[in-house]
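What follows is a single structure, written as structure tokens, with notes after it.
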Amino acid sequence: PPPAISPMRPGFPHGMFGVGFSFDAIAPRAMSSTSGIDSLPAIGPSFRAGGFIGEPREVLLGAEFAWATTPSPSSRGHRMSSMQFLLLTEWARAVRADKRLELGVSATAGLGGQTLVHDGPSPATCPVRASGIISTRGGLFLGGRFLLRATFGARRQHALAIRTGPTLAAMGGGTKDSGCTRSEPHPFEGYDVPGATLQLRSELGYAFRW
């Protein structure tokens, strides 16, 4: 028989801390149509922490930090990075009698930024710089995800989870180097990456819960 689940200590605050590895498609439609930026998914770490509301640990309120960057093949010379600081609300419910498998959804909202880096052999359009960051921009992120989670341990204190879902990013125009003329577009605009973009994220993560 499966091991019994020990009850949580009454009156003790319950929370979690987790780490993950994410795969982000940053503006996939725009990046698939431009030859200047690599269209492979961005990869990077993520961290989240929060507290549970109620005894069943079904509702989590917390925060998340994530950073990801795309590879940079020499044939293209540009890559994009994304950084996000998000508040999150997550709800999950057990779908098995032993309560060790959960399905759920989450919503996120917060601030973040995107960076366009050039480190290839061909010159950047604006500015004409051999390497380095050529533009940064900030904005708002709103997203939702589906969750599949398996828990382990006497009190289900260990969890492995898969999260996937879309994020809408509303970004500013971005910085432009002093070497650019006023008539030249911002670097993001020059590569047809719009200010409003739809991102897709998939993440595999581990969390310790108490």
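The values are calculated or read from the model by the stated rules, or taken from the named source; none is laboratory data. What you see is a predicted model, and the numbers here were worked out from it, not measured in a lab. Note: accessible area is taken over every heavy atom of the protein model, side chains too, but ligands, DNA and RNA are not part of it. Shrake-Rupley method; radii C 1.70, N 1.55, O 1.52, S 1.80 Å.
Miscellaneous remarks
- Using only Cα coordinates, the Kirkwood hydrodynamic radius of the range 132-210 works out to 15.7 Å.
- Expressed in units of 2.2 N^0.38 Å, where N is the residue count, the Cα radius of gyration of the range 41-100 is 1.67.
- In the context of the full set of protein chains, the range 46-113 has a per residue accessible area of 47 Å² (1.4 Å probe).
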